[in-house]
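The block underneath contains the structure these notes are about, expressed in structure tokens.
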Amino acid sequence: MVDVEIPYDNKTYAQFYTGLRTVAENFRILHVTLISSTFCLYLPSVIVILCVSFTTAHIRENVRYLLFSHMLISDSLLLSLCFTLFIVALYIVFMPVKYCLILTIMTASTTLITPYNLALMSLERYIAVCFPLRHGEICTIRRCKVAIMGMWVIGTFPVLIEFICFCYFIDPRFFSFQMLCIWKYLQIYKFQTTIRFLTFSLSFSSVLVTILYTYIRVMLVARKIGSKKSSASKAAKTVLLHGFQLLLCLCSYSSTFTENFFNNAYMNMAPINFFLFMCLPLYISPFIYGIRDKTIRKSVRKLICST
């Protein structure tokens, strides 16, 4: 075989490298613009619904709407944290390890809140349909606030256990370093993966069983009544929506698999995963629950017309 001399000099390589950097920067700008624009569309709708929830007396004193408002707040917090970590990773910004740990702890804890909230919303509909005479006694605002505090404690506890074990085994000098804030770079010990896997597996399986149980029980009541416009039938559809929302939450955990599987084929797999599986499921929550509900829809229309 005859060696062929490639007619590339240093100038050509420099131009090629500069072109690659320009293309990468354009993709970064495109990704940030797409995600931030959709977030800017999501945030006003959340603010309007929360204003209606906290200013309208009969909505503010209803457990169902209190849980829905809490879900919107926790989802907005989760989106803000994920968007911050996404920007940091996309632009390769290094930060002190201690600040990175704080962000990842808050993100991991908040991720579990939406499934827990869906389980509580399903239980509230189950009690309203199957035990209508005791619904006002069981589902009170005070108990709802205690349940919200409880889900935050349950969601934060395993993450704190993982953090305490991590601090115990790691060299203290590690906290003086700066790093790219990505969770897999903090995944140093095997017990971290085990704790995280068990936490998410038990949490999502428990929520799934709760939603399936409440859906079956509510559907049985709806069949006995036999009317498609009954409150039981509407509650069954609401619980089914909770199951669909849980499925969307589970999609966010497929990002690790898809990034590893398609990494060689698609250079922009991480931003695509972040937008499709993390952002979109949270973006549609106000439209699935808020716009669908007649009470909230009427109150939003009144608020917009009054302004």
Legend entry - For region 202-216, 3J(HN,Hα) per residue [Karplus equation, 6.51 cos²θ - 1.76 cosθ + 1.60, θ = phi - 60°, Hz, x = Gly/Pro]: 5, 5, 6, 5, 5, 5, 5, 5, 4, 5, 5, 5, 5, 5, 5
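Give, as a single signed number, the net charge of other residues whose beta carbon lies under 13 Å from the beta carbon of Phe197, with Lys and Arg counted +1 and Asp and Glu -1.
Values: positive: Lys190, Arg196; negative: Glu162.
After counting each charged neighbour, the total is +1.
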Inset, instruction - Please work out how much accessible surface Lys145 shows to a 1.4 Å probe, ignoring ligands, DNA and RNA, in Å² rounded to 10. - result: 110
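What value in Å³ per residue do you get for the convex hull of the alpha-carbon atoms in region 59-175? Could the numbers behind the result be given before it?
Values: hull volume 12.9 nm³, N = 117.
So the per-residue Cα hull volume is 110 Å³.
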Legend entry - Positive-pole candidate from Thr199, Ser122, Val88, dipole of region 88-241, charges at beta carbon: Ser122
Inset, instruction - Could you list which residues have their amide H under 5 Å from that of Met179, counting only those 5 or more apart in sequence or on another chain, with H placed in the peptide plane? - result: Met95, Val97
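Quick check on packing: order 137-143, 102-108 by the mean number of other C-beta atoms within 10 Å, highest mean leading.
Numbers: 137-143: 12.9, 102-108: 17.3.
The densest-packed peptide leads the list: 102-108, 137-143.
Take peptides 184-196, 149-161 and line them up by average Cβ neighbours within 10 Å, highest first, as a rough protection proxy. List each step's numbers first, then the result.
Values: 184-196: 13.3, 149-161: 15.5.
Ranked by mean Cβ neighbours within 10 Å, highest first: 149-161, 184-196.
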Inset, instruction - Just the number, please: carbon plus sulfur as a percent of the accessible area of region 24-145, 1.4 Å probe, no ligands or DNA/RNA counted. - result: 71
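Net charge near Cys139: determine it from the other residues with C-beta under 15 Å of the C-beta of Cys139, scoring Lys and Arg +1 and Asp and Glu -1. Kindly include the intermediate steps, with their values, before the conclusion.
Numbers: positive: Arg60, Arg64, Arg125, Arg134, Arg142, Arg143, Lys145; negative: Glu61, Glu124, Glu137.
Combined, the nearby Lys, Arg, Asp and Glu give +4.
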Inset, instruction - Obtain the radius of gyration and the Kirkwood radius of region 115-178 from its C-alpha atoms and give Rg over Rh. - result: 1.31
Legend entry - Hz values of 3J(HN,Hα) by residue in region 67-77 - Karplus curve (6.51, -1.76, 1.60), Gly and Pro given as x: 5, 5, 5, 5, 5, 5, 5, 5, 5, 5, 5
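The values are calculated or read from the model by the stated rules, or taken from the named source; none is laboratory data. Computed from a predicted model, the values in this text were never measured in an experiment. No Cβ is skipped: glycine too gets one built from the backbone with ideal geometry, and neighbour counts run over all protein chains shown. Remember, those area values only see protein heavy atoms, side chains included, never the ligands or the DNA or RNA. Shrake-Rupley method; radii C 1.70, N 1.55, O 1.52, S 1.80 Å.
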